[in-house]
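Since the structure comes first, as structure tokens, the remarks are kept for the end.
Derivation of every value follows stated rules applied to the coordinates shown; laboratory data play no part. It should be emphasised that the depicted structure is a prediction, and the values quoted were computed from it without experimental measurement. So basically every Cβ, Gly included, is an ideal-geometry build from the backbone, and we count neighbours across all protein chains shown.
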Amino acid sequence: TKVVYVEYDGSEHVIDVKPGYSVMEGAVKNNVPGIDGDCGGACACATCHVYVDEAWVQRAGVPTSMEEAMLEFAENVEPNSRLACQIKVTDTLDGLIVRLPESQH
Ligand code: FES
């Protein structure tokens with residue numbers, strides 16, 4: 001499953017992420033800068049904040065209340081903000097585009 005990570009400066013990283021991994025894990029395992037995943041995906045750090053491309057918001061699903069609570073600790077939260085560790089990569093997300101916030105640049 002291809003996931004496109006777009007850094008704040010516009011650099012794109014197209015990564016093949018195995019279904020079952022999270023969007024955060026896909027970035028960390030492949031050294032995509034800008035997603036730290038400090039808490040290891042426990043929804044407890046907000047260093048994996050991403051903006052989901054508008055075209056993908058619906059397919060990426062809605063954040064849980066726990067995720068929403070943690071997003072309050074992220075900077076410049078937008079309606080399409082998500083925590084990348086809470087998005088599970090599946091076949092239907094092939095081509096998913098996420099942008100990384102300035103604060104993680
Ligand atoms: Fe910590 Fe996502 S990795 S909240």
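Brief remarks follow.
- The strands (runs of 3 or more DSSP E) falling completely within the chain that include 1 or more residues that are within 12 Å of the ligand (Cβ to nearest atom) and touching a Leu at 6+ places or on another chain (Cβ under 7 Å) map to 49-52, 81-83.
- Number of residues in the range 40-71 that are of a type in the set (Ser, Thr, Tyr) and surrounded by 14 or more Cβ atoms within 10 Å (Cβ to Cβ): the value is 2.
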